[in-house]
Each structure stands twice: as structure tokens, then as C-alpha cells.
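S.K.: Have a look at this one.
The values are calculated or read from the model by the stated rules, or taken from the named source; none is laboratory data. Given the structure is predicted, the values throughout are model-derived calculations rather than measurements. All Cβ positions, even for glycine, are placed from backbone atoms using ideal geometry, and neighbour counts span all protein chains on display.
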């Protein structure tokens, strides 16, 4: 690789990216923010990937809104960029979906891109096996595949950091729900990067009857370091957090 190209690639990875928010996919359905001025092929690949994600939700929402349920469907989506470099671009999507069935559904979806490759991150290169556990795939509301991590240690950290935020009775009830979910083995969790906190965020889906207990838990950088997370991840989170604190 020519030196000038190599230097440009290093700068593109190390610097935060600027994102631009396109018009909604449909009324109420936010589009994925794009990298405003892609610096290299990796960033162009990310823009192409989120464009495909927008196409998927457009198709899924069309089917939902014209579905065969007992009442008209509705789909609302928010998309947040939770980290925009260095090294990683992290998205968190929140969907409120009612396709005419018995119950509406609220769900989170997360995807983290590697600014070096333009591909979704390989969590096994960033986190120790004790935290990644068994990798899996689950479908989002628009049937986009998301990587999940399922390990006893990650579940234990989730339970240790869990806070429902309600009164004592609600907290006890929800902690019982969480413990019951994990009783038969580690539950699969989605993960994303949070620059504001400088931490790894994790959450998992609960049934409709229990989804009020679903909470995001942040795993602090100090804990990630003790667990053996990669320096690349730790340094990127620290840099992103420092930038957010200064802004």
C-alpha cells in the first residue's frame, strides 16, 4: 500500500466521522445517518450498508402498514448514532411496531461497524471469550440479522448492573423476571458502544408481558479492562468519551 494511502487510512480510522441525517424512510421511520464525507472505501461500504438497511425497513413497513391484522398497522423508528469514531461507528435503533396483531411490539436493534474494514465488528476480536460466549443471530423487526453474545459472565455483569429505576416492589419483581430468564442458561444479548458513557451497552429482549422490565445495562470500561477486552476497544471508548465530555 502506498504510504500516502496508508496515512489517509490511519487518519480516517482515528478521527471521528461527521454524519448527515437523510430524510425519513417513511413518515415516522427515521433513516440511518450516513457518513457525510466518506474518507475511504471502508466508509463508503458503511454508507452502502445502511442504505440497504433503510431499504429493508421500507419493505417491512409497507407490509406492516397494509397487513391483515385486526386494525391498521403503524411503525415508528428512531435511529441514534451512539459512537462515531474513533475506530467504530455504532448505531442503536428503536422500533415501535404494531402490525395489526394482538399486541404492539417495542424493540431495540444495534449494529456496530468497524471503520477499518467497513464491515460489522467481529466481537471476538474486541472482547474475551468469557464475554462473547456463544455467538448467534436474531432478527430485528425488519428481519435484519443482528449478532448476539451469550455467556454466563456477560449475563452476570448484566444482572450486577441492572436497575429498573422503579420502586422497591417493581425492582424486586423485575429482578425476578431477569433471573428467571437466565435460569436455563445464558440469554443472547445485543451489544453496542456508547460514547457518552464510554462504556459497552447490552440488552436482551423479553416477552411482551415482561418487556416493561427490559433495561439497558452499561458495562464500565474498567470492568471491560479487567475482563480482558482489547486495547483497541478500550482506547476508542476512552477517546470517544473524552470528546463527548468536551463537547
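S.K.: Given the options 163, 142, 205, name the one that is crowded, with 21+ Cβ neighbours inside 10 Å, assigned to a loop (DSSP other than H, G, I, E, B) and either in contact (Cβ under 8 Å) with a residue 12 or more places away in the chain or within 14 Å of the chain's Cα centre (by Cα) (or both).
M.R.: 142
S.K.: Those residues that are over 19 Å from the mean Cα position of the chain (by Cα) and touching a residue at least 12 places away in the same chain (Cβ under 8 Å), I need them from the stretch 213-229; list them, please.
M.R.: 223, 227, 228, listed by residue number.
S.K.: Just checking, does the stretch 126-138 include any residue being modelled with pLDDT under 95 and in a loop (DSSP other than H, G, I, E, B)?
M.R.: No, there is no match, as no residue in the stretch 126-138 is modelled with pLDDT under 95 and in a loop (DSSP other than H, G, I, E, B).
S.K.: Okay, next question. So residue 200 clears everything in (1) modelled with pLDDT of 95 or more; (2) surrounded by 15 or more Cβ atoms within 10 Å (Cβ to Cβ); (3) part of a helix (DSSP H, G or I) except one condition, right? Which one?
M.R.: Every listed condition holds for residue 200 apart from (3).
S.K.: Within the stretch 76-92, work out how many residues are outside any loop (DSSP other than H, G, I, E, B) and surrounded by 21 or more Cβ atoms within 10 Å (Cβ to Cβ).
M.R.: Residues in the stretch 76-92 being outside any loop (DSSP other than H, G, I, E, B) and surrounded by 21 or more Cβ atoms within 10 Å (Cβ to Cβ): 9 in total.
S.K.: Which of the residues spanning the stretch 130-139 are under 13 Å from the mean Cα position of the chain (by Cα) and surrounded by 21 or more Cβ atoms within 10 Å (Cβ to Cβ)?
M.R.: None - no residue of the stretch 130-139 is under 13 Å from the mean Cα position of the chain (by Cα) and surrounded by 21 or more Cβ atoms within 10 Å (Cβ to Cβ), so the list stays empty.
S.K.: Only one of (1) assigned to a loop (DSSP other than H, G, I, E, B); (2) surrounded by fewer than 15 Cβ atoms within 10 Å (Cβ to Cβ); (3) at pLDDT 95 or above fails for residue 156. Which number is that?
M.R.: (1)
S.K.: Of everything in the stretch 93-116, what is out of contact with any strand residue (DSSP E or B) (no Cβ under 7 Å at 6 or more places or on another chain) and either part of a strand (DSSP E or B) or surrounded by fewer than 19 Cβ atoms within 10 Å (Cβ to Cβ) (or both)? Give them in sequence order.
M.R.: Correct list: 100, 101, 102, 103, 116.
S.K.: Go over the candidates 181, 215 one by one and state the one that is part of a loop (DSSP other than H, G, I, E, B), at pLDDT below 95 and either under 15 Å from residue 151 (Cβ atoms) or in contact with a strand residue (DSSP E or B) (Cβ under 9 Å, 6 or more places away or on another chain) (or both).
M.R.: From the options 181, 215, the qualifying one is 215.
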